[in-house]
Amino acid sequence: MLAGGGWRIRHLDWENAPAGRDAYASAPARWWLGSLALVIRATRHLPTGIAVERAALWADPLLHLLLLLSAAVFVRWRFGPAEAMATSIGFAAVYPFAGSFAAGQPDGHALAWALAFWSVLLVVSASLESPGASPPGEAIRRRRKHFALAGVAGGLGLWVDAGSAATVIAGLGLGGIVAGALASRRDDGGAVDAWLPWRIWALAGALTSLGAYLLEFWGSGVPVRLEVNHPVYGLAWLGWGELAWRAGLGGKAGASRIRMVAGCIIGLVAVAALPLAMHHEGTLSLFSLDLGGSRLAPLPDAPAAPDLGSWLHRSGLDLPGAATFLPWLPALAALALGLRRWRSGAATPLIVVSVAAVLALAVSVVHLRWWNLADAILLGAIPVLLAAIPAAGRRWGFALGTAALIPGVIALLPPPSRPGSIEFTQRETEDLIERELAHGLADRSDAPGAVVLAPPDRTASWCFHGGLRGIGTADWENRDGLAATLAIIRAITVTEAQARISERQVGFLVLPSWDADLDQFARWSLANPEDAFVSALHHWAIPAWLRPIPYPLPAVPGFENESVVVLKVTDDSGRAAALSNLAEYFLESKQPDLAAPLDELLARFPSDAGALAARAAIEKARHDPALDRTVGALVSALQSGADRSLPWDRRISVAAVLAAAGQEDLARDQLRRALPRIDAPGLRLLGPLSLYRLLYLCRAYRLSLDDRLRAVATGLLPAELRRRMED
């Protein structure tokens, strides 16, 4: 958005490469992050990309602070200091809700939870009876205004995250129906129209949702999708409002039965419009779109599991579990006390929020992250829950509620670390390594925006940090890219894989050991996953048009057993060159045991100078007595002119072997013949050690490499080897 200067983003070219994809992500969260980035860029004079990274550290914590302050002020004004204090404490200590505003991970969900909170709080504020607080006419106007504002908050929630907002809307609407039906049994005839103006709530929300839809998508040219905010949500919302309002009229004297039946039918048809439209369009479940929904909160130690049952079976009631469930115990106790008087008007908001909470909790059983939505509803209900507790028990209720939050406070605290040290979690270490790798891939790209095939959950990070383009990502909007990734990694034949890779213009394949998603996809989709292309790569059955590039991982405690395989798509180099390059890759990656079997395969090319050089390198690493014989065969091959068509990169390897064997004249001659043919794309194919040997031999033999090419080679060296060259 900042780079292109547009306020709407309807197309992305860094996913589903090379064509890109339509973008449906809502604008408010992006506007908030972008506004902070612009302020930071202007005040700190930073590049735009760095300003966005700095803004990402502040976006959600600042949103959390603004939400806490605004909620505390409103609750203090509307209800009192005790309710405001309880709400403020809840915002800071309820787990996982408070953890969903973590620094550095803005994704729009925090804003969705905030809007859900306001949707519930404003309905509670309008529904909770306060006899004698103001004249009846003024009370009615205030309640209608609050219901309208609740509708506006819900409409904005649909804009930000249709799934969570639709859950809250359906829960409040269904709660209104239940509350209206029960209120009709009251002695006063259930005249709840003045108290619960559901029509106003629905109309305000539907209009807000429609306005947001027009602002976001009008004239954009992208196809209409039901997975995001859409006018059909507003239609269903009007149905919920009509049904809730009609339910409250059930026992009102003078209500027309014909109008009642007709209104209920119209409401039911409007509500049914959404599921019918989704079924007709074949739209995925709104709840299944949250591909990150298996993680409870964006915190390093937050639990992650496919569903609630899996989490409890694996971990039991551990600290995060206690922190998640305990705040609901005093809430349920207060709810039980309030619902004992279900015939009174004070029970109406309790019924409404309890139904909404039950619906959110039902979704959170299969998507852990939706506990945050349930917590948002719980926080919005704090004033009515406190009102349900008798005055004599308020102090005890407050004490028990505060005690229930202690595990959450502990779970939210950062893990202890040794004084003066910085300790990273596993995921943080992976992120730092991936950032460095992204820069390395960008340096080895022959043109900006190279396409990388990597595990979907990691692709976006590499695209951002390296300016690369990806295929499959974790975005629900990128189904085509995910399907293309699956088609490549599950290809049965090398020819099929090459055709699909060529179609997608893939430049790099990246296989990190710490992310096995690609292998998992193959296991899910094939009866014999060992036949998949990705499985062949793991077994080093690498075709000649892929060049492995060594990438030494930083020495990080606890990360010693991890590795990453980087393969660059090139022209077919031939069997002998491919085996030679693979052997040198193993040696440079400090895996001589994997290189040893290649010695026998390379022996099938007795007159190929490049193959002989690779064999000599293997034997030298293994201290094999056959080294002298192989070097002799290499010298004989060179004297017979077997190197006439030798590629320049293999000639560099030959020169390195000859120099190590004391054949200085032959090594100098090989290097001299290679220098005129060296180019930048070829340098980007060499591993760090091969580049170092090239520069070292040039300096040792006083041969000059073009300054531009020297700069390219030096830039590709790791810091340690670069320092050795400068010494």
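How big is D, in µm² s⁻¹, for segment 424-532 by Stokes-Einstein at 4 °C and 1.567 mPa s if Rh is the Kirkwood radius over C-alpha pairs?
Once the numbers are plugged in, D ends up at 90 µm²/s.
If you take every residue apart from L716 with its C-beta less than 10 Å away from the C-beta of L716, what net charge results, scoring Lys and Arg +1 and Asp and Glu -1?
Every neighbour counted, the sum reads +2.
Where does the chain land at 222 nm, in deg cm²/dmol rounded to the nearest 500, when only DSSP H runs of n ≥ 4 count, each adding -39500 (n - 2.57), divided by all residues?
Counting only the DSSP helices, I get -19500 deg cm²/dmol.
Whole number in Å², please: accessible area per residue of segment 317-440, 1.4 Å probe, ligands, DNA and RNA not counted.
Counting only protein heavy atoms, the per-residue value for segment 317-440 is 48 Å².
Of the listed peptides 301-309, 150-158, what is their order by residue-averaged count of other C-beta atoms within 10 Å, with the highest listed first?
With the highest mean Cβ count within 10 Å placed first, the list reads 150-158, 301-309.
Helix 257-281 against the longest principal axis of the chain: what's the angle in degrees, Cα atoms only, rounded to the nearest 10?
That helix lies at roughly 0 degrees to the long axis.
Before I look further, what does segment 46-153 give for accessible area per residue, probe 1.4 Å, in whole square angstrom? Let's see the in-between values first.
Details: 4240 Å² over 108 residues.
That works out to 39 Å² per residue.
Cα convex hull of the chain: how many Å³ per residue? Display every interim value, and only then the final one.
Numbers: hull volume 140.1 nm³, N = 727.
Looking at the chain, the number lands at 193 Å³ per residue.
Once Rh is set to the Kirkwood radius over Cα pairs, what Stokes-Einstein translational diffusion coefficient, in µm²/s, holds for segment 305-455 at a temperature of 37 °C and a viscosity of 0.692 mPa s?
For the chosen part, D equals 170 µm²/s.
Obtain the nm distance between the two label points defined at A403 and H623 by a simple spin-label model: each point lies 7 Å from its Cα along the Cα-to-C-beta direction.
A separation of 6.9 nm, rounded to one decimal place.
With charges set only on the Cβ (+1 for Lys and Arg, -1 for Asp and Glu), what does the dipole of segment 478-533 come to about its Cα centre, in debye to the nearest 20?
It comes to approximately 140 debye.
Measuring from the lowest to the highest alpha carbon on each principal axis, how far does segment 1-159 reach, largest first, in angstroms?
Between the extreme Cα coordinates on each principal axis of segment 1-159 lie 65, 29, 29 Å.
Helix 48-78: angle to the longest alpha-carbon principal axis of the chain, degrees 0 to 90, nearest 10?
Between the helix axis and the principal axis of the chain, the angle is about 10 degrees.
Relative to the first principal axis of the alpha-carbon coordinates of the chain, what is the inclination of helix 371-380, with its axis defined by its Cα atoms, in degrees from 0 to 90 and to the nearest 10?
That helix lies at roughly 30 degrees to the long axis.
So how strong a dipole does the chain carry about its Cα centre when Lys and Arg Cβ are +1 and Asp and Glu Cβ are -1, to the nearest 20 debye? Write out the running numbers ahead of the final one.
Working: 66 positive and 65 negative charges, 481 e Å.
Here the chain has a charge dipole of around 2300 debye.
With the dipole of the chain worked out from charges on the C-beta (+1 for Lys and Arg, -1 for Asp and Glu) around the Cα centre, which of G151, H109, P606 lies farthest toward the positive end?
It is G151.
Return the Cα extents of segment 1-77 along principal axes one, two and three, sorted largest first, each rounded to a whole Å.
54, 30, 18
Within 10 Å, count the other beta carbons around each residue, average over each peptide in 449-457, 376-384, and list them highest first.
Details: 449-457: 22.2, 376-384: 26.8.
The peptides rank, most packed first, as 376-384, 449-457.
Of all the C-alpha pairs in segment 633-690, what % are more than 13 Å from each other? Numbers along the way, then the final one.
Details: 989 of 1653 pairs.
Above the 13 Å cut-off, segment 633-690 has 60 percent of its Cα pairs.
Using 0.36 nm per residue, how much length does the chain from L268 to R141 gain when fully extended, once their Cα-Cα distance is taken away?
Fully extending the segment from L268 to R141 adds 42.9 nm.
Work out the charge dipole of the chain with +1 on the Cβ of Lys and Arg and -1 on the Cβ of Asp and Glu about the Cα centre, then indicate which of G440, S461, H279 is farthest towards its positive end.
H279
When the accessible area of the chain is computed with all protein chains present and a 1.4 Å probe, what percentage of it is carbon and sulfur?
Ligands and nucleic acids excluded, carbon and sulfur reach 60 percent.
Could I have the simple spin-label model distance between M260 and R523, label points 7 Å from Cα toward Cβ, reported in nm to one decimal?
For the pair M260/R523, the computed spacing is 5.9 nm.
For the pair T43/A392, report the inter-label distance in nm, with labels modelled 7 Å from Cα in the Cβ direction.
Inter-label distance under the simple model: 5.4 nm.
For V365 and T493, what is the calculated FRET efficiency with R₀ set at 45 Å and r taken between the beta-carbons, to the nearest 0.05? Don't skip to the end; give the middle numbers.
Details: r = 43 Å, r/R0 = 0.95.
Plugging the Cβ-Cβ distance into 1/(1 + (r/R0)^6) gives 0.55.
Given a Förster radius of 30 Å and the C-beta distance between A711 and Q639 as r, what FRET efficiency does 1/(1 + (r/R0)^6) yield to the nearest 0.05?
0.25
Order of 323-329, 711-717 by packing, highest average Cβ count within 10 Å first?
323-329, 711-717
Can you count the Lys pairs in the chain whose Cα atoms are under 28 Å apart, with each pair 8 or more apart or on different chains?
4
Using DSSP to define loop residues, name the chymotrypsin sites (Phe, Trp or Tyr not before Pro) in segment 501-554 whose beta-carbon has at most 16 other beta-carbon atoms within 10 Å.
W540
Taking amide hydrogens as modeled 1.01 Å from N in the peptide plane, which residues meet the under 5 Å criterion relative to V565, leaving out close sequence neighbours?
The answer is L511, S513.
Relative to the Cα centre, what is the charge dipole magnitude of segment 583-693, using +1 at the beta carbon of each Lys and Arg, -1 at the beta carbon of each Asp and Glu, and rounding to the nearest 20 debye?
300 debye
Along each of its three principal axes, how wide is the spread of alpha-carbon positions in segment 659-727, in whole angstrom units, largest first?
Answer, in whole Å and largest first: 30, 25, 18 Å.
What ³J(HN,Hα) values, in whole Hz, does the Karplus curve 6.51 cos²θ - 1.76 cosθ + 1.60 give for segment 523-531 when θ = phi - 60°, with x put for Gly and Pro?
Couplings: 5, 6, 9, 10, 5, 10, x, 5, 7 Hz.
Between L601 and E562, what is the FRET efficiency for a Förster distance of 30 Å, r being their Cβ-Cβ separation, to the nearest 0.05?
0.60
The values are calculated or read from the model by the stated rules, or taken from the named source; none is laboratory data. Just so we're clear, the structure is a prediction, and the values are computed from it rather than from any experiment. FYI the Cβ positions are ideal-geometry reconstructions off the backbone, even for glycines, and counts take in every protein chain you see. Quick note on the areas: whole protein, heavy atoms, side chains included, nothing else; ligands and nucleic acids left out. Shrake-Rupley method; radii C 1.70, N 1.55, O 1.52, S 1.80 Å.
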